[in-house]
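Written out below as structure tokens is the structure these notes cover.
The values are calculated or read from the model by the stated rules, or taken from the named source; none is laboratory data. Note that the structure is predicted; figures quoted are calculated from it, not measured. All Cβ positions, glycine included, derive from the backbone under ideal geometry; neighbour counts span all protein chains shown. Accessible surface areas use protein heavy atoms only, side chains included; no ligands, DNA or RNA. Shrake-Rupley method; radii C 1.70, N 1.55, O 1.52, S 1.80 Å.
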Amino acid sequence: MKRIFKWLFRLFLAAVVLVIIAVVVLFLSYNALLRVVIERQAQKNGFDVDIGSLNVSLFRPVVEIKDFKVRNSPEFGGTTFFDLPEIHVEYDRDALAHRELHFKLVRVNLGELDIVKNQAGKTNIFMGNLKVPAKPSGGGNPLADFKKQSGFDFTGIDELNVSIGKMKYIDLGNQRNNREQDIGIDELVIPHVKTRADLIGLAADIALRSNGFFESVFGQKQSSLDTLKQLGL
């Protein structure tokens with residue numbers, strides 16, 4: 001369970017990196033070409049990605065991505081990995097000029113996340129470029145890793161608005177183990193996010209709404225309080 005939340009946090013940082021690419025490439029292309037650039041960049045990093053639409057305003061510091069979908073590799077059935085109907089970001093343009101990432105608003109809608117175990121018993125979220133390293137280079141601090149990889153300082157999000165739909169577990173070796181869980185978080189607002197500890201409310205909400213989903217999938221019996229303690233929150 002600890003690894004799940006660490007992975008979700010790193011997934012959020014990966015989305016931030018995509019936004020950085022969008023802002024930089026903005027000055028070189030129109031939105032349609034920009035969408036293709038991001039899709040190709042994601043494919044280079046091992047993702048099969050579709051972006052319904054991507055809009056970067058020339059006059060306002062806003063990035064909006066609609067219908068951002070990532071598919072599993074053939075090794076994991078080629079099905080949906082995760083589906084983000086919306087990513088809406090309002091960033092601080094002055095901070096960006098100083099290589100700082102300060103977001104006034106980040107609104108993320110995770111419609112679906114599918115955890116897939118393949119015939120060999122491997123799980124998609126711990127494979128490839130999304131694998132959580134045992135010893136992060138930043139001494140266990142994902143923000144330090146992010147700065148090292150991107151060259152930007154993450155200084156915070158004034159308002160994080162999160163919606164989460166459903167999660168699925170698909171066992172390609174034994175379909176009787178398949179499970180679907182509705183999380184049903186609708187526009188949960190989290191103010192002043194600067195570190196992982198600021199996501200304690202979100203972590204607790206997911207744990208309470210999961211109805212034992214992660215425990216049954218990974219065979220770990222623990223309470224929501226145990227989960228938070230493992231996260232160091």
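Name the residues of the stretch 156-183 whose amide N is less than 14 Å from a point 7 angstrom out from the Cα of His88 along the C-beta direction? Label zone hits: 159-163.
Once you list every other residue whose beta carbon is under 13 Å from the beta carbon of Ile190, what net charge do they have if Lys and Arg are +1 and Asp and Glu are -1? Around Ile190, the surrounding residues sum to -2. Within the assembled protein chains, the solvent-accessible surface assigned to Lys122 is about 90 Å², based on a 1.4 Å probe.
Around Glu75, what is the net charge, scoring Lys/Arg as +1 and Asp/Glu as -1 over all other residues with Cβ under 12 Å from its Cβ?
+2
Taking label positions 7 Å along the Cα-Cβ direction at both Asn55 and His98, the computed distance is 3.1 nm, reported to one decimal. Amide H contacts under 5 Å for Asp48: Arg71, restricted to partners 5 or more places along the chain or on a different chain, H placed in the peptide plane at 1.01 Å from N. Pairwise Cα distances in the stretch 148-212 exceed 15 Å in 64 percent of cases.
Electrostatic tally near Lys166: other residues with Cβ closer than 15 Å to its Cβ, Lys and Arg +1, Asp and Glu -1, net -3. The heavy atoms of Ile170 present about 40 square angstrom of accessible area, all protein chains included, probe 1.4 Å.
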